[in-house]
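The values are calculated or read from the model by the stated rules, or taken from the named source; none is laboratory data. Computed from a prediction, not measured in an experiment: that's the story for all the values here. FYI the Cβ positions are ideal-geometry reconstructions off the backbone, even for glycines, and counts take in every protein chain you see.
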Amino acid sequence: MKKRILYVDDNAIMLELIQTLLEGAGYQALTARDPDQALRLAKENSLGAVILDVNLAGDSGLMLMDFMRHDHAGVPIILYSGGDHQQAAVEKMIALGAAQFVTKRTGQEIVAAVKKVCPPV
């Protein structure tokens, strides 16, 4: 059975791109455009990892990460962003519970981060 990865992003183009890349790498990709949808999918599914956009429209990926960490302890959470972040900000995100922080570029970085924390079957 393929490991399920929950990918949360408010950008429809990135959702489709990363879903395609994850499925090509041997995962089952579940996608959500907002925190409510993400929490519902997380509640209904066993997850291998979660990928969260730090800057969700109107919401904070960090706040969603906090909920996920409490409700799904042990599931690695990968944060990513298209913006530039200072090293201190990245270290703070890791200290708050992220397994990794990835800068959004081609999408391959995100897949590589998933493989590192949740190798495919």
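Data overview
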quantity	calculated
Any hit, the stretch 65-77, residues being surrounded by fewer than 16 Cβ atoms within 10 Å (Cβ to Cβ), under 14 Å from the mean Cα position of the chain (by Cα) and farther than 24 Å from Pro119 by Cβ	yes
Any hit, the stretch 34-43, residues being under 23 Å from Lys2 (Cα atoms) and either within 12 Å of the chain's Cα centre (by Cα) or buried (at least 19 other Cβ atoms within 10 Å of the Cβ) (or both)	yes
Members of the stretch 101-118 found to be assigned to a loop (DSSP other than H, G, I, E, B), free of Cβ contacts under 8 Å to residues at least 60 places away in the same chain and closer than 19 Å to Glu23 by Cβ, listed by number	Thr106
Answer residue from the stretch 78-114, given it is of a type in the set (Asp, Glu) and farther than 21 Å from Leu30 by Cα and is surrounded by the fewest Cβ atoms within 10 Å (Cβ to Cβ) among those	Asp84
Complete set of residues in the stretch 81-100 that are at pLDDT below 80, small (Gly, Ala, Ser) and under 20 Å from Ile18 (Cβ atoms)	Gly82, Gly83
The stretch 1-46, subset among the hydrophobic types (A, V, I, L, M, F, W, C) and part of a strand (DSSP E or B), residue nearest to Lys104 (Cα to Cα)	Val8
